[in-house]
Amino acid sequence: MKIVVKIGSNIVAGGKEGLNLRRIRSIASSIAEIHEMGYDVAVVSSGAIAAGMKELGLKEKPKDIRLKQAAASVGQSTLMWTYERCFKVYNKKVAQVLLTREDLSDRKRYINSKNTLFTLLSYGIIPIINENDTVSTDEIKFGDNDHLASMVASLLEADRLIILSDVGGLYSEDPKKNPKATLIKTVSEITPELIEKAKGTGSDLGSGGMYSKLLAASKAMHAGITVNIINGRRPRLLVSLIKGASHGTEFKPKKSRLPARKSWIAFGIRPKGALTIDDGAKKALTVGNKSLLPSGIAAVEGTFQTGDAVYCLDSEGNRIAKGLTNYSSSEILKIMGKKTSEIEKILGYKYSDEVIHRDNLVTLK
């Protein structure tokens, strides 16, 4: 059984002290105990920029991308050294794994990342994973480590993703603003209403609040992964949770788990454009589990090449599906609305009857 534990900046950071060594020691103790119980554990940890801020004498989180990268570069070594020391007490070995969005968007690099992590786990090593903030720019960033954690959980085909938060779960309202807010213990479906409630919460040290956690949970749920958000300032809850106790909020996985490749298409690769489809094509994709043919395409948005990911939109602009296209945007502009028998005559060649084959397509809710 594989477990991914995501640790946020507010959990590992100690304000002016850089890192909260006492809390990291406690978390390491709990994770080591879970590891001894026979579980494979991977850790997605924020905190490099927070650690670097102390070293650089910064009072607040930098906004300039170059300063962020410098802080991450200084702080990442401190973060890893801290984890290494804390896990060594329990005779556990750790490995540093730094990823960018590009590593998981590119299929070859995605497989390489997967193989590396599986190999580390097979040797009983606990990977400590973080975004490679030193080189990440806005174009290749995950955005926050909640998203990275959901991607890693999907990559590893994990059974559970546990998010250690400074809030003890999902509440009816922001508990920091309303002390009477009630804890929502179980979530089977993440509705637009829940997403709307979670917007607007964040932190000074981290880049994600409850909103990003819900988006991450939704992706993991569709990959068949149970998600728990618990209070990370009480590290012993981790062991208690694994032993069967109820803590925080549990998000129930979908019964039909997305295959690994389709999970990568849905959540890993960044779309380069969009295709607006007619009602007949919409029904074929969502009800009939069919491929997308050129006859069902009404409009093309963006510039993309063969093999790129694109969204399929209905006539109202809603995202219906996402898939890998067999034709470039310029080619689709020529063949859209046409029958498959006309493709070769129009282009002078034909790669496929389908613009997107159903094996390379995921329907979206």
| query | Hey, among the residues in the stretch 262-306 that are within 25 Å of the chain's Cα centre (by Cα) and in a strand (DSSP E or B), which one's surrounded by the most Cβ atoms within 10 Å (Cβ to Cβ)? | reply | Leu275
| said: Checking the structure you have, find out if any residue of the stretch 198-206 is under 24 Å from Leu364 (Cβ atoms) and of a type in the set (Lys, Arg). | reply: yes
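Residue-wise test of (1) in the same structural domain as Ser150 (by TED's automatic domain parsing); (2) within 15 Å of the chain's Cα centre (by Cα); (3) not basic (Lys, Arg).
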{"position": "Leu214", "(1), (2), (3)": "yes, yes, yes"}
{"position": "Ala220", "(1), (2), (3)": "yes, yes, yes"}
{"position": "Ile225", "(1), (2), (3)": "yes, yes, yes"}
{"position": "Arg234", "(1), (2), (3)": "yes, no, no"}
{"position": "Val239", "(1), (2), (3)": "yes, no, yes"}
{"position": "Gly244", "(1), (2), (3)": "yes, no, yes"}
{"position": "Glu250", "(1), (2), (3)": "yes, no, yes"}
{"position": "Lys255", "(1), (2), (3)": "yes, no, no"}
| task | State which residue is surrounded by the fewest Cβ atoms within 10 Å (Cβ to Cβ) when the search covers only the stretch 2-19 and only residues that are part of a helix (DSSP H, G or I) and either hydroxyl-bearing (Ser, Thr, Tyr) or at pLDDT below 85 (or both). | result | Lys16
| task | Looking only at the stretch 190-204, decide whether some residue is within 21 Å of Met151 (Cβ to Cβ), at pLDDT 85 or above and either of a type in the set (Asp, Glu) or over 14 Å from the mean Cα position of the chain (by Cα) (or both). | result | yes
| task | Please work out which residue is surrounded by the most Cβ atoms within 10 Å (Cβ to Cβ), limiting yourself to the stretch 65-88 and to residues that are at pLDDT 90 or above and of a type in the set (A, V, I, L, M). | result | Leu79
| Odd one out for Asp159, checked against (1) farther than 18 Å from Ser45 by Cα; (2) in contact with a helix residue (DSSP H, G or I) (Cβ under 8 Å, 6 or more places away or on another chain); (3) modelled with pLDDT of 90 or more | (2)
| Check on Leu104, aliphatic (A, V, I, L, M), over 22 Å from Met37 (Cα atoms) and at pLDDT 90 or above | no
| remark: Reported set for the stretch 307-365 where residues are within 23 Å of Ser263 (Cα to Cα) and part of a helix (DSSP H, G or I) is Arg358, Asp359, Asn360
| said: For the stretch 29-66, give me each residue that is assigned to a helix (DSSP H, G or I) and within 17 Å of Lys2 (Cα to Cα). | reply: Ser30, Ile31, Ala32, Glu33, Ile34, His35, Glu36
| query | In the stretch 67-99, how many residues are of a type in the set (D, E, K, R), in a helix (DSSP H, G or I) and under 23 Å from Val41 (Cβ atoms)? | reply | 3
| task | Hey, can you tell me all the residues within the stretch 12-49 that are touching a residue at least 60 places away in the same chain (Cβ under 8 Å) and of a type in the set (D, E, K, R)? | result | Arg23, Arg25, Glu33, Asp40
| query | Among the candidates Leu238, Leu275, which residue alone is in contact with an Asp or Glu (Cβ under 9 Å, 6 or more places away or on another chain) and either of a type outside the set (A, V, I, L, M, F, W, C) or within 30 Å of Ala309 (Cβ to Cβ) (or both)? | reply | Leu275
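The values are calculated or read from the model by the stated rules, or taken from the named source; none is laboratory data. It should be emphasised that the depicted structure is a prediction, and the values quoted were computed from it without experimental measurement. Cβ atoms come from the backbone with ideal geometry, glycine included; neighbour counts cover every protein chain shown.
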